Amino acid sequence: MNKLKTRDITQLAIIAALYVAVTAAPGLSAFSYGPVQFRVSEILMLLPFFNHKYSWSLIIGCFISNIFSVTAIDMIVGTLATSVACYLITLVPSKMKWIWTVPVICAVVNGIIVGAELHFVLKIPFWINAGSVALGEVVVVAIGAAIFYFLMKNRNFSKLIN
């Protein structure tokens with residue numbers, strides 16, 4: 001990895017803080033944890049598609065967000081899911097036609113890993129957990145993909161993200 005400049009560190013910190021703020025925000029936090037998850041902050045999972053450095057923001061933001069979860073194990077397991085998803089996203093070619101694979105990656109990884117976690121913690125059948133987490137993930141990240149698809153047509157926004 002290249003040396004990070006002060007600007008890079010600032011950007012990464014802002015993205016991590018934004019992830020935490022949106023996840024734990026009153027009104028949104030009810031949908032951020034538990035068997036039915038529509039974690040709005042997961043829209044930010046699109047950022048590693050454009051620039052791999054944002055993976056660090058999301059991993060740290062997820063870890064901090066999961067401090068507020070119903071179970072302490074979520075700090076480890078949830079962060080593992082985010083780490084795996086970020087890694088797989090960085091393997092996708094950074095061409096706009098591939099942006100639609102990001103919601104699928106996020107849904108499958110989080111559905112399996114977080115679904116298994118919820119199965120062991122809450123004793124709810126695995127497939128119910130996996131399905132509900134995957135559904136929430138694919139909806140949120142697909143909406144984000146549509147937003148980013150159009151935002152990236154703006155040269156200034158594209159320059160800021162890349």
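The Cα center of region 8-41 and the Cα center of region 43-104 differ in position by 12 Å. Only lysines eight or more places from Lys153 in sequence, or on another chain, were considered; those with a Cα closer than 17 Å are Lys95, Lys97. What lysines does Lys3 reach when the alpha-carbon gap must be under 19 Å and sequence neighbours fewer than 8 apart in one chain are set aside? Within reach: Lys53.
So what's Rg/Rh here for the chain, counting alpha carbon atoms and using the Kirkwood radius for Rh?
On the way: Rg = 15.2 Å, Rh = 15.7 Å.
My calculation puts Rg/Rh at 0.96.
Relative to the longest principal axis of the Cα atoms of the chain, the long axis of helix 6-24 makes an angle of roughly 30 degrees. Once the Cα atoms are used to define both axes, helix 126-151 deviates from the longest principal axis of the chain by about 20 degrees.
Treating only the Cβ of Lys, Arg, Asp and Glu as charged (+1, +1, -1, -1), what charge dipole size does the chain show about its Cα centre? Round to the nearest 20 debye. Don't jump to the answer; show the numbers that get you there.
Details: 11 positive and 5 negative charges, 151 e Å.
Charge dipole of the chain: 720 debye, to the nearest 20.
To the nearest 10 degrees, how steep is helix 54-65 against the longest Cα principal axis of the chain, on a 0 to 90 scale? For 54-65 against the chain, the angle is about 30 degrees.
Coordinate-derived values only; no laboratory data. Keep in mind it's a predicted model, so treat the numbers as computed, not measured. Neighbour counts are summed over all protein chains in view; Cβ atoms, including those assigned to glycine, are modelled from backbone coordinates with ideal geometry.
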